[in-house]
Structures are given as structure tokens and as C-alpha cells.
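These notes concern the structure reproduced below.
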């Protein structure tokens, strides 16, 4: 194995281009009923919605459309854009365990063929046993793909074209945490939004996706490091959870609870300091159909490794109301749930009027999304870091030891199938173009939807 001694300079990014990538992509056969793209962690609007196409409830090793080895290990979830699947891995240099090569990989969605790799040498940072050196999930748009990696000294953003060409890289400043870096960014229009709420001086920064320069920075209070990815509510010019509202970036952290930020300026629109512990999961938005006026409810969770978790649901301020002023609004709490239902790492999943809470320790709770009323609770077993997705009338998730579990999307707890990978899985599934993508620590898998 090649030593990375000659590649120590952090700006030396190597490209392995194996198959020419060109603008020849079109909707593949069988893609109807699933998202066209899966542009970031948990897909469009971070909602985990995989569409109406049905997939097998269980399968064996011969059921995969394809699977490929990755150049190292990691927990970055797969993302899909125009027929290409992106994920990230890291490989420690056996000659120098203080150094590693992180790799952003691009595979063809239809076949698993490796199109290109970008290799980024850098130092090894101490991390939690459930973390990795490549845990940040990329995000993609029409112009390219963006990825974060970090150490205590430097959090770096990397931007590439869909053909693997370097567009820019940016040093966003130090990221001080006891568990290692694991955050994921979000995209809003031409901005890459990166939360940096850490054990040291904290901020949220929005970077121009064309140049890598900072457009705005929002100072944040210091508390326990937050790993919660941003939730983008596209507002009146788009759709997010089938509810209207002004564009917002929703953030979760122990220091600030749940916050709504104007993505164009970084101004805090509303905030409720309501999360007493570390925030890891992505906030979700649900319709507030328990009231005639409607509106939307923002759900966030927090917790710790001991299972002392909390879920808080806030009523987002109304469109055109106090949000138009200069004062920060404090939203009303709609409901709270304790450790018996609240997950810590897996994100909640809203489907219709149901909210699925897939617990870290293998207990799934289904509640009425607008009120928190429990509809059922059932045990699937195992432990979980992955977040569930909805697809074809089912709810699917993958345990940390690599068991794919499929539940019925309904008001009664029913396990429809189990499939064993036998490998560690801490990333979340992706669904696009009639395919389900699952990433284990060292492999990328693809499962085709059932024939229509």
C-alpha cells in the first residue's frame, strides 16, 4: 500500500478519474415514483421521503443490484445527483498512524461503476467509537458536490464539479470537540450553510457555493458540541413538508435549542432554548393540523449516550407576523416527549399525520405528529445511528450491526421483513431513480425497486 508521506500537504488533492463524466444523464427506466435526486442527508428538505415505489421487504445477498468496496471506512451517507452516487471514506496510513487519506467517491447509480475519486491527505483526529474520520455527508446541487472534513485545528469545505474537478476549498476555522467532527452542511440557493457549534468559540457560517468565500457569519454561544444538520425550509418559493412559510434554516443545539435563521442574512428569526442536552438528529417539520389556523410544527431531539433523551415540538411563528420585525420571537411549545419515546441520534420521520421515532436502542414509537399522542410502541431490537426513510408504504432503517428492518407505514406495529448485511452501518439510506442505496462502514450497496 502506498504511503501518504508524499501527500502530507493538506491542499494537495489527488484525482483518480476512471470514467468520463458528461452531461448525458436522463431519467432512467423505472425511476417513476422515487425522487429524482437525493441531494443531502435524508434527501430533499431532509425529510426522508423515498416516494411511492415499492421495494422488497427482505432479500438475500443475491438480491442486490450491485455492491462495491469503498477505499477505506466511514459513516458518510450516500447522496445522489443525476445518476451519480457520492460518499466519503478514510484510510489511515499504516506507515504513519497520525496521517490518513480521506476520499470522496463518485459511482454510477445504475451499475456501481467508479467514475472518479478525490483523495485528500490530512491528519488523523481522535474520535468517538461510533464516529469515523469521514462521517460528514456530502451535499449536491446542479453545479457540483460539497463535502466537509475537520480536525480541532481546521474545518475544511471542499467543492468539486460533477466530473470530479476541484472548484475550491476553504478553511472555516477550528472545530474543537471531544468526539471528532461529524457534522453535515445544507444548501440554500447559492449558499453552503455550515453549523460550527462546538466546545470552543462557535458560529454558523454561510459560504458562497461558487467561490468558497463567506457571505455571512452568525456568532453562537458555547455549549456541548452539536452535530445536528441544518433543516432548510424553502419557504414561499418552494416546498418543505407541504407547509408554507418564509425561507428559514432551522438549527438544533444545546446552546440555543431550536432556532430559525434567515438564510439570506443569518439573522435569527425565532429561537427557543429548549434542548437541555446534545443535539445530533436533524429537526423535522410537520403540519399543525390540530388547530384550525394550521401552520407548522418544528420537532427536535437531544440526549446523551445514557439514554436521557428529550423531544420538543415548537409551533413555528406565523408567516408575515412577528417574523417581519427585528426582535427574535420565542415560539410556543406544542408538546414534549421524554426518554421513553425520544430518539437521540436517529432523526424523526414524518409521514402524513404520523411521526415515527426510531429509538437508538431498537424501540420504535409512532405518535400523532401534531400532538405527540402515542399510537403504538414496538421493539425491533438492535441499536441504531441511522435515520429511517419512508418508501412505498413502508418505513425502513438499518441497525448499527447491519440489519435492514422494514415496518408497515400504518397505525399498527408490524415488522414486514429483515435482511442481514453483517457489517457496521451508521449512515442513513438514500432513495433515488428507482433505487435504494445503503452504505456500510466499508461498502456501498444498491437495491432496485420492484417492477411496477
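The values are calculated or read from the model by the stated rules, or taken from the named source; none is laboratory data. From a predicted model like this one, the values you see are computed outputs, not experimental measurements. Every residue, glycine as well, gets a Cβ built from its backbone with ideal geometry; the counts of neighbours run over all protein chains shown.
Using the structure shown, decide if residue 320 is surrounded by fewer than 17 Cβ atoms within 10 Å (Cβ to Cβ), at positive phi and at pLDDT below 95. Show your work before the answer.
Values: surrounded by fewer than 17 Cβ atoms within 10 Å (Cβ to Cβ): yes; at positive phi: yes; at pLDDT below 95: yes.
Considered against the rule, which asks whether it is surrounded by fewer than 17 Cβ atoms within 10 Å (Cβ to Cβ), at positive phi and at pLDDT below 95, residue 320 comes out as yes.
Total residues in the range 260-292 satisfying the condition of being outside any strand (DSSP E or B) and more than 21 Å from residue 367 (Cα to Cα): the figure is 9. When you go through (1) surrounded by fewer than 19 Cβ atoms within 10 Å (Cβ to Cβ); (2) under 18 Å from the mean Cα position of the chain (by Cα) one by one for residue 423, which number turns out not to apply? Status for residue 423: all satisfied but (2). When residue 441 is tested against (1) within 24 Å of residue 352 (Cβ to Cβ); (2) at pLDDT 95 or above, only condition (1) is not met. Residue check: is residue 159 surrounded by 19 or more Cβ atoms within 10 Å (Cβ to Cβ), within 20 Å of the chain's Cα centre (by Cα) and more than 20 Å from residue 81 (Cα to Cα)? Here the answer is no, as residue 159 does not meet what is asked.
Run down 179, 169 and say which single residue is over 16 Å from the mean Cα position of the chain (by Cα) and modelled with pLDDT of 95 or more. Talk me through it step by step, then tell me what you get.
Numbers: 179 fails: modelled with pLDDT of 95 or more.
Exactly one residue qualifies, and that residue is 169.
Only one of 265, 217, 225, 211 is farther than 20 Å from residue 326 by Cβ, surrounded by fewer than 24 Cβ atoms within 10 Å (Cβ to Cβ) and at pLDDT 90 or above. Can you tell me which? Even if it seems obvious, please write down each step before you answer.
Working: 265 fails: farther than 20 Å from residue 326 by Cβ; 217 fails: farther than 20 Å from residue 326 by Cβ; 225 fails: surrounded by fewer than 24 Cβ atoms within 10 Å (Cβ to Cβ).
Of 265, 217, 225, 211, the one residue that is farther than 20 Å from residue 326 by Cβ, surrounded by fewer than 24 Cβ atoms within 10 Å (Cβ to Cβ) and at pLDDT 90 or above is 211.
Within the range 434-444, does at least one residue satisfy the condition of being out of contact with any strand residue (DSSP E or B) (no Cβ under 7 Å at 6 or more places or on another chain), outside any strand (DSSP E or B) and either touching a residue at least 40 places away in the same chain (Cβ under 8 Å) or closer than 27 Å to residue 70 by Cα (or both)? For the range 434-444, residues out of contact with any strand residue (DSSP E or B) (no Cβ under 7 Å at 6 or more places or on another chain), outside any strand (DSSP E or B) and either touching a residue at least 40 places away in the same chain (Cβ under 8 Å) or closer than 27 Å to residue 70 by Cα (or both): present. Pairs are defined by a Cβ separation below 7 Å, a sequence spacing of at least 6 or placement on different chains, a first member in the range 323-345 that is farther than 21 Å from residue 358 by Cβ, and a second member that is at pLDDT below 95 and assigned to a loop (DSSP other than H, G, I, E, B); the pairs so defined are 323/246; 323/317; 329/317; 331/316; 331/317.
Consider residue 106 carefully, then state whether it is farther than 20 Å from residue 144 by Cβ and touching a strand residue (DSSP E or B) at 6+ places or on another chain (Cβ under 7 Å). Step through it out loud before you land on a result.
Working: farther than 20 Å from residue 144 by Cβ: no; touching a strand residue (DSSP E or B) at 6+ places or on another chain (Cβ under 7 Å): yes.
So residue 106 fails the test.
Evaluating residue 191 against the criteria (1) within 18 Å of the chain's Cα centre (by Cα); (2) within 25 Å of residue 345 (Cβ to Cβ) leaves one unmet condition, (2).
Is it the case that residue 152 is within 17 Å of residue 197 (Cα to Cα) and without any contact (Cβ under 8 Å) to a residue 40 or more places away in the chain? Yes.
Please work out if residue 40 is closer than 15 Å to residue 139 by Cα, touching a residue at least 12 places away in the same chain (Cβ under 8 Å), in contact with a strand residue (DSSP E or B) (Cβ under 9 Å, 6 or more places away or on another chain) and buried (at least 19 other Cβ atoms within 10 Å of the Cβ). Considered against the rule, which asks whether it is closer than 15 Å to residue 139 by Cα, touching a residue at least 12 places away in the same chain (Cβ under 8 Å), in contact with a strand residue (DSSP E or B) (Cβ under 9 Å, 6 or more places away or on another chain) and buried (at least 19 other Cβ atoms within 10 Å of the Cβ), residue 40 comes out as yes. Taken together, the residues in the range 230-259 that are under 15 Å from residue 314 (Cβ atoms), modelled with pLDDT under 95 and touching a helix residue (DSSP H, G or I) at 6+ places or on another chain (Cβ under 9 Å) amount to 4. Looking only at the range 131-142, decide whether some residue is surrounded by fewer than 17 Cβ atoms within 10 Å (Cβ to Cβ) and modelled with pLDDT of 95 or more. Taking every residue of the range 131-142 in turn, at least one turns out to be surrounded by fewer than 17 Cβ atoms within 10 Å (Cβ to Cβ) and modelled with pLDDT of 95 or more.
Listed by first and then second residue, the pairs linking a residue in the range 347-362 that is on the phi > 0 side of the Ramachandran plot to a residue that is at pLDDT 95 or above and assigned to a loop (DSSP other than H, G, I, E, B), with Cβ atoms under 6 Å apart and 6 or more places separating them unless they lie on different chains, are 362/380; 362/381; 362/382.
Do we have any residue at all in the range 370-380 that's out of contact with any strand residue (DSSP E or B) (no Cβ under 8 Å at 6 or more places or on another chain) and farther than 24 Å from residue 250 by Cα? Show your work before the answer.
So the first thing to find is which residues in the range 370-380 are out of contact with any strand residue (DSSP E or B) (no Cβ under 8 Å at 6 or more places or on another chain), and the list is none.
No; the residues of the range 370-380 include none that is out of contact with any strand residue (DSSP E or B) (no Cβ under 8 Å at 6 or more places or on another chain) and farther than 24 Å from residue 250 by Cα.
Filtering 357, 311 for residues that are over 18 Å from the mean Cα position of the chain (by Cα), crowded, with 19+ Cβ neighbours inside 10 Å and not in a loop (DSSP other than H, G, I, E, B) leaves a single hit, 311.
Of the residues screened, residue 396 is not one that is farther than 25 Å from residue 136 by Cβ and modelled with pLDDT of 95 or more.
Of the conditions (1) assigned to a loop (DSSP other than H, G, I, E, B); (2) farther than 21 Å from residue 283 by Cβ; (3) more than 19 Å from the chain's Cα centre (by Cα), residue 223 satisfies every one except a single condition; which number is it? Going through the list (1) assigned to a loop (DSSP other than H, G, I, E, B); (2) farther than 21 Å from residue 283 by Cβ; (3) more than 19 Å from the chain's Cα centre (by Cα), residue 223 breaks only (2).
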